[in-house]
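Data first, discussion second: the structure below is written as structure tokens.
The values are calculated or read from the model by the stated rules, or taken from the named source; none is laboratory data. These numbers were taken from a predicted model, which means no experiment stands behind them. For neighbour counting, all protein chains shown are included, and Cβ atoms are generated from backbone atoms with ideal geometry for every residue, glycine included. The accessibility values were calculated without ligands, DNA or RNA, using every heavy atom of the protein model including side chains. Shrake-Rupley method; radii C 1.70, N 1.55, O 1.52, S 1.80 Å.
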Amino acid sequence: MRLFWPALLMLATTCGVAEEGTQPVVTGRFGSKPNVSIPLGQPGRTPRITVLSTGSGRRTVPGDVVLADVDIRRWSGNRPYLSTWDGNQPTTVVFDGRQVSETWRQALIGRPAGSRVMLVSPAGEARGPNVPLGGLSPADTLVLVFDILGGYPPDARLVGRALPVVPADLTPSEPARTLIDGSGPRVEPGAKVVVQYVAASWPSRTVVDSSYRRGGPSAYTLEAGAAPMSWVKALTGQHVGSRVAVPSPGELPMLYVIDILDMITAA
């Protein structure tokens, strides 16, 4: 269920603090896990948004799939609650008119990529997609710091290219294969990449997963534990704009075809 609080939501900027003594202080650069200092005062009951820094990338628009890192902590005791930095897996927010709170929409839509935005809000209004409320009361206050990595159309794809298809002769035992060599920057070790992909089971070659079917692009950090190792090895060193066929052997062999749409670097 969507939550609508347009009359209550107040937009603050770094030029004006909503209420003296009740503004958390955030330090650290975009792309790194933020350090958050929460004051002793009471947070108030009105959700408020503070733009901590403004990026220079494309502005997100309604209907986008927004990729962002987010650090969430309780106001009380400055206790960590959830952070995408801990798992090196940015969150994917599909703004298709469903299941996204108004506070997240206000925080994330209309912002340039590369921006850092803070939301202070009662937990009931601050809940994002797939963010559990376990151990929280809706009256508890949360502090959320977003690093907006980018917004992308749900059907984003390589320019001028058809949707990816698993090659008929691809098997799990062979090395990764570059199907299209892009002209963008080379993917660095440990980088965050934005991808669309299809995945087929072996030996049936049946498509069992597709980012196109699930709402659009996702971001993965090319490190062990944050992305499949077959992806880490195959995508590192490729160019943005490439399409790569990635066999993944193992107990449950899979065949992937991955389009590298973007690479995200720290500001």
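Any residue that is at pLDDT 85 or above and buried (at least 20 other Cβ atoms within 10 Å of the Cβ) - is there at least one of those in the range 126-140? Steps first, please.
Of the range 126-140, the ones at pLDDT 85 or above are 140.
Of the ones still in play, those that are also buried (at least 20 other Cβ atoms within 10 Å of the Cβ) are none.
No, the conditions are met nowhere in the range 126-140.
Would you point out the residue of the range 62-85, among those that are free of Cβ contacts under 8 Å to residues at least 24 places away in the same chain and open to solvent by 30 Å² or more (accessible area, probe 1.4 Å), that is nearest to the chain's Cα centre (by Cα)?
P80
Given the residues R243, R205, which is the only one that is among the basic types (K, R), modelled with pLDDT under 95 and either more than 23 Å from P153 (Cβ to Cβ) or crowded, with 20+ Cβ neighbours inside 10 Å (or both)? Even if it seems obvious, please write down each step before you answer.
On the way: R243 fails: modelled with pLDDT under 95.
Only one candidate passes the filter, namely R205.
If you take the residues in the range 208-226 that are hydrophobic (A, V, I, L, M, F, W, C) and surrounded by 21 or more Cβ atoms within 10 Å (Cβ to Cβ), which one is nearest to R157 (Cα to Cα)?
Of all residues in the range 208-226, those hydrophobic (A, V, I, L, M, F, W, C) come to 208, 219, 222, 224, 226.
Of the ones still in play, those that are also surrounded by 21 or more Cβ atoms within 10 Å (Cβ to Cβ) are 219, 222.
Working: A219: 14, L222: 20 Å.
Looking at the filtered set, the residue picked out is A219.
Checking I148 against (1) in contact with a Phe, Trp or Tyr (Cβ under 8 Å, 6 or more places away or on another chain); (2) open to solvent by less than 10 Å² (accessible area, probe 1.4 Å); (3) modelled with pLDDT of 95 or more: exactly one of these is not met. Which one?
That leaves (1) as the condition not met.
If you go through the range 26-67 one residue at a time, how many are under 22 Å from V194 (Cα atoms), β-branched (V, I, T) and not in a strand (DSSP E or B)?
Matching residues across the range 26-67 total 3.
Yes/no matrix, rows are residues, columns are (1) free of Cβ contacts under 8 Å to residues at least 24 places away in the same chain; (2) over 23 Å from G150 (Cβ atoms); (3) not charged (D, E, K, R):
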site: S230; (1), (2), (3): no, yes, yes
site: A234; (1), (2), (3): no, no, yes
site: G237; (1), (2), (3): no, no, yes
site: S242; (1), (2), (3): no, no, yes
site: S248; (1), (2), (3): no, yes, yes
site: E251; (1), (2), (3): yes, yes, no
site: D262; (1), (2), (3): no, no, no
site: T265; (1), (2), (3): no, no, yes
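Can you spot a residue in the range 102-110 that is assigned to a loop (DSSP other than H, G, I, E, B), at pLDDT below 90 and of a type in the set (A, V, I, L, M, F, W, C)? Outline the logic, then answer.
Just the residues of the range 102-110 that are assigned to a loop (DSSP other than H, G, I, E, B), to begin with: 109-110.
When the remaining residues are screened for being at pLDDT below 90, the result is none.
No: zero hits.
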